[in-house]
Amino acid sequence: MIIENSEVILSVRNLQAEVEGVQILKGLNLEVKAGEVHAIMGPNGSGKSTFSKVLAGHPDYTVTAGEIIFQGQDLIAIPPEERARSGVFLAFQYPLEIPGVSNLDFLRVAYNSRRKHQGLEELDAFDFDELVREKLEIVKMDAAFLSRSVNEGFSGGEKKRNEILQMALLEPKLAILDETDSGLDIDALQSVAGGVNQLSNESNALLVITHYQRLLNYIVPDYIHVMESGEIIVSGPKELALELEERGYDWVREEAQVGV
Amino acid sequence: MSATVKTLVNQPYKYGFVTNIEADTIPRGLNEDVIRLISHKKNEPAFMLEFRLKAYRQWLKMAEPTWPNVNYPAINYQDIIYYSAPKQKAKKNSLEEVDPTLLETFEKLGIPLSEQKRLSNVAVDAIFDSVSVATTFKEKLAKEGIIFCSFSEAVHEHPELIKKYLGSVVPVGDNFFAALNAAVFSDGSFVYIPKNTKCPMDLSTYFRINTGDSGQFERTLIVAEEGSSVTYLEGCTAPMFDTNQLHAAVVELVALDNAEIKYSTVQNWYAGDENGKGGIYNFVTKRGLCQGVNSKISWTQVETGSAITWKYPSCVLVGDNSVGEFYSVALTNHMQQADTGTKMVHIGKNTRSTIISKGISAGRSKNSYRGLVKMGAKAKGARNYSQCDSMLIGDRAQANTFPYIQVQNNSAKVEHEASTSKIGEDQLFFFAQRGISAEDAISMTISGFCKDVFNKLPMEFAVEADRLLSLKLEGTVG
Ligand SMILES: Nc1ncnc2c1ncn2[C@@H]1O[C@H](COP(=O)(O)OP(=O)(O)O)[C@@H](O)[C@H]1O
Ligand SMILES: [Mg+2]
């Protein structure tokens, strides 16, 4: 929801970044305020995942120019675990499997690292168990997934649910969802989107990355940005997504050139 | 590899100190006279000298194995000191007579031996260079008919048992290093558990190499009579020298009908420095004979040290329904090389074996699993399950798996699974994105990876093993 005069959560200015010496992001600008849902669309290879990893601080990517201000603080010099603890959350396009590490332990350690950062007391295994069971409801996940190894042998949909479960526990200020809809059937899509909507409120913000309009029927954005070759070339209201669906990305490209 | 991963895997070795103690050391080199001298110094009965000479003569005709996937400069066997013992009174009747420097050394290593401080639930045989320094709880165990003493003592006190079992599992000419050991071994531990006796406490040997130029050649023999059981633990450390020391040990286990032996090792010999200078050559032969029906031998090893490890704790499953197990974690870092695994030789009917091997390679190290499963013609209904997992930390380490399977009867079943995983930037980033530090990420991943093996270790050892791996792989993130 768009709220008058709400707090700026994220402000990205002229962001340029490279990986292995190749420039991928070429001057990206974006402002996200509390309460808002922003969608980033764009063809494959346009730099959407790169943008999400740069925001989260992946060490393979080097920022060569620009700034990322998160709640008044420049993120660029801050290591990824600190960014996470201060409320930046990235739901991965391809969540990794961690054999041998129980999902429950992983969730608890992650949760407690955020608590500690907030100056709150860490939860013991009993209290945490109770909490996590409540959160399972949000993504309609079975408790059996807690005792399994993190993502090991999970289906695509189960991995994505598990990502949103982590989001539900960590209560981020800014959640970036990278292609959370990819590989989901309609039921999974509905429960994942339903979970995300439950977690969205006036004090946090969402950055939803997708290249299909489909997800945006369930998570309705306030703004849509179209990325192309490492830049946002067009921004607009949610209706832009429908237009894109109908007319394709080429149309935006042309529009962008004449200047919308 | 990133700076983080690098600092995490570069932990200093805590046990690298040298104890200053006067030693009785013989000149370098090996020939029949040296062997006679060792036997003489130990005041051995004639059968022992014969055993040694027979081994030596076979060794002369043997060649060092070249098939392990490891590289090292040629060893000059004439440049090694084959006997070195701390000077002390010939016979120690009590701990008070043991040189306090030695007691201090073991205490520093976390193995207190004195009555007041010793571990309450583990009996320890402490071996310093070539000789046994002290054995705790000996008398208490003797009341149950259990023999737990140094090998030298056993040769004198129980020659009939030694004669019967020495070399019965690992024959003198079994392999190059086993033959060398048989020729020159200086001490070790002997355990005998009588019929239907469950050993009331864990038994343990702690090996300490101290002298820089000496080899360490010890021998362990454990005999579990019908219906008996014992849990045995083995630990080891050595000072940091920039030369290499040879450690060629032999362990023989014999389990009779319905007997069970659990043998666990936490190996932490000095591994050499970051560039591979110094460290122990750990060339060891360990084999268990499940001679009796329903007998069981279980090897658990956590190998973290040594410049080179060459070691295949094996089970020969002769008794029908006997069971062999091998659970292993082998960690290599820097320039370490490990070629380790097991052999499960199924001879009796319905014999079963399980192999769980976890290899962790960091730095520029090389870690190979090599395992043989052999189903003999008479091993009807025999089964084996093997699982070999490798974990790579960083980009420059190597992991290899060499499974050998030989099946001579078609009612036998062999199952083999293998996997390779990696802790690299993406894994660490995944944890970091959830607020988890690289240090915690590595320790959680490694503990998770090794869980199936750590679960098999006795409690104290499991804690020790976890701590040891953490020590080797974690640290303050710089
Ligand atoms: N680690 C990397 N190494 C080399 N090129 C990369 C790497 N990551 C991304 N790229 C390149 O950056 C471009 C953008 O990729 P990505 O951000 O994954 O796009 P999207 O998520 O929009 O599909 C692609 O051309 C891709 O090949
Ligand atoms: Mg992508």
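The values are calculated or read from the model by the stated rules, or taken from the named source; none is laboratory data. Since the model is a prediction, treat every value here as computed from it, not as a measurement. Here Cβ is always computed from backbone atoms with ideal geometry, including for glycine, and neighbour counts include all displayed protein chains. Just so you know, the surface numbers come from the protein's heavy atoms only, side chains and all, with ligands and any DNA or RNA stripped out. Shrake-Rupley method; radii C 1.70, N 1.55, O 1.52, S 1.80 Å.
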To make sure I understand the rule: partners must be lysines, Cα under 27 Å from the Cα of residue A:48, and not fewer than 8 residues away in the same chain. Which ones qualify? A:26, A:33, A:159, A:160, A:173, A:238, B:422
Taking the alpha carbon gyration tensor of the range B:116-215, what are the square roots of 5 times its eigenvalues, largest first, to the nearest whole Å? 24, 19, 11
Would you list B:407, B:223 from the most to the least accessible area, probe 1.4 Å? B:407, B:223
Work out the mean other chain Cβ neighbour count within 10 Å for the residues of A:110-116 and drop it here as an integer. 3
Area of residue B:229 that stays accessible when all protein chains are in place (1.4 Å probe, Å², to 10): 30
Along the Cα→Cβ direction, 7 angstrom out, place labels at residue B:396 and residue B:37. What is the inter-label distance in nm? 4.3
Could you tell me which of rounded, prolate or oblate describes the range B:23-473, using a ≥ b ≥ c as the square roots of the eigenvalues of the alpha-carbon gyration tensor, with rounded for a/c under 1.5 and, failing that, prolate when a/b is larger than b/c and oblate otherwise? rounded
Based on Cβ point charges of +1 for Lys and Arg and -1 for Asp and Glu, what charge dipole magnitude is obtained for the protein assembly as shown about its Cα centre, in debye rounded to the nearest 20? 3280
Tell me, what ³J(HN,Hα) does each residue in the range B:203-211 have, in order and in whole Hz, if you take phi through Karplus 6.51 cos²θ - 1.76 cosθ + 1.60 with θ = phi - 60° and put x for Gly and Pro? 9, 8, 10, 10, 9, 10, 8, 10, 6
Which lysines have a Cα less than 19 Å from the Cα of residue B:277, not counting those fewer than 8 places away in the same chain? B:6, B:14, B:366, B:472
Sulfur and carbon atoms: percent of accessible area, the range B:23-473 [1.4 Å]: 49
When Cβ neighbours within 10 Å are restricted to other protein chains, what is their mean count per residue of peptide A:93-101? 6
May I ask which of B:262/B:311; B:286/B:456; B:87/B:138; B:164/B:198; B:349/B:413 have a Cα-Cα span longer than 20 Å here? B:87/B:138; B:164/B:198
Cβ-Cβ cut-off under 12 Å around residue B:299, Lys and Arg +1, Asp and Glu -1: the net charge is +4
With a/c under 1.5 counting as rounded, go ahead and sort chain A into rounded, prolate or oblate using the C-alpha gyration tensor (a ≥ b ≥ c being the square roots of the eigenvalues; past the cut-off, prolate if a/b is larger than b/c, else oblate). prolate
Once phi for every residue in the range A:171-178 is put through the Karplus expression 6.51 cos²θ - 1.76 cosθ + 1.60 (θ = phi - 60°), the whole-Hz ³J(HN,Hα) values, with Gly and Pro written as x, are 6, x, 6, 10, 10, 10, 10, 8
For a Förster distance of 35 Å, can you work out the FRET efficiency between the beta-carbons of residue A:76 and residue B:459, rounded to the nearest 0.05? 0.15
Are there any helices in chain B, counted as whole DSSP H runs, that stretch 20 Å or more along their axis by Cα and score at least 0.5 on average by Kyte-Doolittle, and if so which? B:438-454, B:459-473
Rounded FRET efficiency, nearest 0.05, which uses the C-beta distance separating residue B:243 from residue A:120 and R0 of 60 Å: 0.65
Say each of residue A:127 and residue A:212 gets a label point 7 Å from the Cα, pointing the same way as Cα to Cβ; how far apart are those two points in nm? 4.2
Applying the Karplus parametrisation 6.51 cos²θ - 1.76 cosθ + 1.60 with θ = phi - 60° to the phi angles of the range B:252-257, what ³J(HN,Hα) value in whole Hz is obtained for each residue in order, glycine and proline being reported as x? 10, 10, 10, 10, 8, 3
Counting only residues 5 or more apart in sequence or on a different chain, those whose built amide H sits under 5 Å from that of residue B:388 are B:357, B:417, B:418, B:419
Relative contact order of the range A:56-149, please, whole-number percent, based on alpha carbon pairs below 8 angstrom and at least 6 residues apart. 28
Treat each spin label as a single point 7 Å out from the Cα along the C-beta direction, and report the residue A:67 to residue B:410 distance in nm. 7.7
Kindly identify the range A:122-210 as rounded, prolate or oblate by the Cα gyration tensor criterion: order the square roots of the eigenvalues as a ≥ b ≥ c, call it rounded if a/c is under 1.5, otherwise compare a/b with b/c, prolate if a/b is larger, else oblate. oblate
To the nearest 0.05, what FRET efficiency results for residue B:273 and residue A:235 with a Förster distance of 51 Å applied to their C-beta separation? 0.35
Got a sec? What order do A:158, B:325, B:274 fall in by accessible area at 1.4 Å, biggest, i.e. largest, first? B:274, A:158, B:325
I'd like the accessible area for residue A:13: 1.4 Å probe, protein heavy atoms, all chains in place, Å² to the nearest 10. 120
Ranked by accessible surface with a 1.4 Å probe, highest first, in what order do B:314, B:419, B:152 come? B:419, B:152, B:314
May I ask you to derive the relative contact order of the range B:23-473, considering only C-alpha pairs under 8 Å and at least 6 residues apart, and to give it as an integer percent? 9
Give me the summed buried accessible area for the A-B pair, 1.4 Å probe, to the nearest 100 Å². 2000
What are the residues of the range B:386-431 that lose 20 Å² or more of accessible area, with a 1.4 Å probe, going from their chain alone to all protein chains? B:425, B:426, B:427, B:429, B:430, B:431
With all protein chains modelled, accessible area of residue B:108 [1.4 Å, Å²]: 140
Hey, what's the range B:389-442 come to in accessible area per residue, 1.4 Å probe, Å²? 47
